[in-house]
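Report on the structure given below.
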Amino acid sequence: MDDGIGWRTRLNREFESQFPQGTFHFAVGNGWSELLGEVFRRVDAVEDEEERVFFAWADIKEKWGLLRLTHNGSDRVDDICDWAEAASERICDGCGLSGRLRKDGLWRVRCDACAGS
């Protein structure tokens, strides 16, 4: 849903407790916005109140075509990150449709349509 604000702003607002340092920059393509939203929902679900006080993301980026997530959380958050990083190998980082890892000078996960553009 386009509500007039970008997905990055929306996720920063919705999950602001996960970004205690303020507005966080996600260095990923638009196609992974739903995946990141799911990651943040799952983190909220597994972290207890004590853990939430200290939790923060250190880095959220694309590296070698796949999602990379760095945090100071628990092993349960590591499991969520492992799931998301594996899922990113099948989600086009351009549009969010099904994709595959491709090399076109850079490694990226792209669907056929985004790979052709």
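The values are calculated or read from the model by the stated rules, or taken from the named source; none is laboratory data. Nothing here was measured: the structure is a model prediction, and the numbers come from that model. No Cβ is skipped: glycine too gets one built from the backbone with ideal geometry, and neighbour counts run over all protein chains shown.
Return the pair list, or none, for Cβ contacts closer than 7 Å from residues in region 81-98 that are free of Cβ contacts under 8 Å to residues at least 40 places away in the same chain and farther than 14 Å from Thr70 by Cβ to residues that are among the hydroxyl-bearing types (Ser, Thr, Tyr) and surrounded by fewer than 14 Cβ atoms within 10 Å (Cβ to Cβ), at least 6 apart or on different chains.
Arg90/Ser98
Counting only residues that are surrounded by 15 or more Cβ atoms within 10 Å (Cβ to Cβ) and not aliphatic (A, V, I, L, M), which one in region 11-29 is nearest to Asp78 (Cα to Cα)?
The initial filter retains those residues of region 11-29 that are surrounded by 15 or more Cβ atoms within 10 Å (Cβ to Cβ), namely 11-12, 15, 18-19, 24, 26, 28-29.
When the remaining residues are screened for being not aliphatic (A, V, I, L, M), the result is 12, 15, 18-19, 24, 26, 29.
Details: Asn12: 20, Phe15: 18, Gln18: 15, Phe19: 17, Phe24: 19, Phe26: 18, Gly29: 22 Å.
Out of the qualifying residues, it is Gln18.
If the Cβ limit is 8 Å and pairs must be 6+ apart or interchain, which residue in region 24-38 that is over 15 Å from Arg90 (Cβ atoms) pairs with which residue that is hydroxyl-bearing (Ser, Thr, Tyr)?
none
Being buried (at least 16 other Cβ atoms within 10 Å of the Cβ), at pLDDT below 95 and not acidic (Asp, Glu) narrows it down to one of Gly116, Gly73, Gly105, so name that one. Spell out the reasoning first.
Values: Gly116 fails: buried (at least 16 other Cβ atoms within 10 Å of the Cβ); Gly105 fails: buried (at least 16 other Cβ atoms within 10 Å of the Cβ).
Exactly one of Gly116, Gly73, Gly105 is buried (at least 16 other Cβ atoms within 10 Å of the Cβ), at pLDDT below 95 and not acidic (Asp, Glu), namely Gly73.
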